[in-house]
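Here is the structure we will look at, set down as structure tokens.
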Amino acid sequence: MFGDMARAVVLVVHAHPDDEVFATGAATIAAHDAGATVHLRLFTGGEGRASGLTEAELAASRQRKEMQLSKSIHQLGIDDWAYLSEAGRWTDTPHALDQTIAQAPVDALGASVAKGSRHCARTYSSPWDPTV
């Protein structure tokens, strides 16, 4: 699919854990198999702020998702992952508009993306979300 990518660095960016499997898993595996170094960056921990959970419950939910993520990155050939900002800072629900990923300052998030040279970026957008 990608040919020889022995020196390539691929950046995969998603809203929350599990998107790396369902949305770009096949492309990520192909890039890894072609020799690329693959980095994953996430906006949120997928903890679901709209659910009315306490901060402790949100942290526990995020921790469970991170444990699942550690399994998927190994299977997909992802070399490392990090949040674009700090864990728990952003949400992808409309119930806390000041904390949605749409409000994330581009310059602050850019520092995480700018580390190292990137040859390819993979993500997806939702066909049913007009704000994407």
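The single condition among (1) of a type in the set (Val, Ile, Thr); (2) more than 29 Å from Asp107 (Cα to Cα); (3) touching a residue at least 12 places away in the same chain (Cβ under 8 Å) that Val12 does not satisfy is (2). Determine, yes or no, whether Val13 is assigned to a strand (DSSP E or B), of a type outside the set (S, T, N, Q), open to solvent by less than 20 Å² (accessible area, probe 1.4 Å) and within 21 Å of Tyr83 (Cβ to Cβ). The answer is no for Val13.
Taking first residues from the range 73-89 that are more than 12 Å from Leu40 (Cα to Cα) and partners that are part of a loop (DSSP other than H, G, I, E, B) and of a type in the set (Asp, Glu), the Cβ contacts under 8 Å between residues at least 6 apart in sequence or on separate chains come to Gly88/Glu47. Given the structure, is Leu58 modelled with pLDDT of 80 or more and of a type outside the set (D, E, K, R)? In short, no. Within this structure, Val38 fails the test of being of a type in the set (Val, Ile, Thr), at pLDDT 80 or above and out of contact with any strand residue (DSSP E or B) (no Cβ under 9 Å at 6 or more places or on another chain).
The values are calculated or read from the model by the stated rules, or taken from the named source; none is laboratory data. The structure displayed is predicted, hence computed values, not measured ones. Methodologically, a virtual Cβ is constructed for each residue, glycine included, from the backbone with ideal geometry; neighbour enumeration extends over all protein chains shown. Side chains are part of the model used for accessible areas, which takes the heavy atoms of the whole protein and leaves out ligands, DNA and RNA. Shrake-Rupley method; radii C 1.70, N 1.55, O 1.52, S 1.80 Å.
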